[in-house]
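Written out below as C-alpha cells is the structure these notes cover.
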Amino acid sequence: MSLTHRSFLFPFLSLLLLLLLPPTASSSSIQNLLKSQGLPGGLFPENVKSFDLGQNGRLEVHLDSPCMAKYETRVHFDSVVRANLSYGGLVGLEGLSQEELFLWFPVKGIIVSDPSSGLILFDIGLARKQLSRSLFEDPPVCKPQGAVPENFGRKMGFAVLG
Ligand SMILES: *[C@@H]1O[C@H](CO)[C@@H](O)[C@H](O)[C@H]1NC(C)=O
C-alpha cells in the first residue's frame with residue numbers, strides 16, 4: 001500500500017511542480033531585461049516565447065504568433081520583433097506597428113528621453129508620439145489577429161504619407 005502510494009506520489013508531485021512553475025517565465029525575464037534598461041516592462045506582450053540579446057545589443061523577440069494588443073491605440077506585433085536595445089531606448093525596431101486614425105504605421109523606436117516626465121515616445125518616422133509610461137508597465141494580452149491582413153494598413157500608411 002505505502003509503496004503504491006509513493007510510486008504515485010512522486011510523478012504526481014513532479015507534475016504539480018511543473019504546473020506551478022510560472023508559465024510566463026520568458027516574458028517575465030524580458031520584463032526584467034527591459035526594466036534593467038530603464039524601460040517599462042510591458043513593451044512586449046504576454047505571449048513572448050523566447051528572446052535573444054546579441055552582444056551588439058540587437059534584441060530579437062519571438063512571440064507565439066503575430067498578434068494585436070491595445071495600449072492606448074492598437075499595436076500589432078509580428079511573430080518576430082527586433083530592435084537595438086540600449087539604456088532608455090529600443091531603436092531600429094522591426095515588426096511592430098501602431099494604429100493611428102485607422103492607418104498602421106511601423107514603429108521605428110521607443111524612447112524614454114526623460115524618465116521624470118512619465119512619458120515614453122513612439123517614433124513612427126514622421127512624428128514622435130508621446131504616451132503615458134504607465135500604459136506600458138504590464139505586458140498586455142495580445143490576440144492573434146483575425147481579418148486584418150498583416151501588411152494592409154502598413155502599405156496604406158506608406159501610400160498616404162507618400
Ligand atoms: C542596430 O544595430 C545594428 C548592429 O549593431 C546596426 O548596424 C544598426 O545601424 C543599428 N540600428 C540603429 C537604428 O541604431
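Please treat every number below as a calculation from the coordinates, not as lab data. Please read these numbers as outputs of a predicted model, since none were measured by experiment. We place every Cβ from the backbone using ideal geometry, glycine too, and count neighbours over all the protein chains shown.
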Under a straight-distance cross-link criterion of Cα-Cα below 13 Å, which aspartates and glutamates are reachable from residue 143, leaving out those fewer than 8 residues away in the same chain? 46, 64, 78
Which aspartates and glutamates, on any chain, are close to residue 129 with Cα under 20 Å apart, when same-chain ones fewer than 8 places away are left out? 72, 94, 99, 100, 114, 137, 138
By count of other Cβ within 10 Å, fewest leading, how are 70, 129 ordered? 70, 129
With the cut-off at 1.5 for a/c, could you classify segment 23-146 from its C-alpha gyration tensor as rounded, prolate or oblate? rounded
How much space per residue, in cubic angstrom, does the convex hull of the C-alpha atoms of segment 69-126 take up? 89 Å³
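What size of dipole, in debye to the nearest 20, comes out for segment 23-146 about its Cα centre when the only charges are +1 on Lys and Arg C-beta atoms and -1 on Asp and Glu C-beta atoms?
Here the size comes out at about 80 debye.
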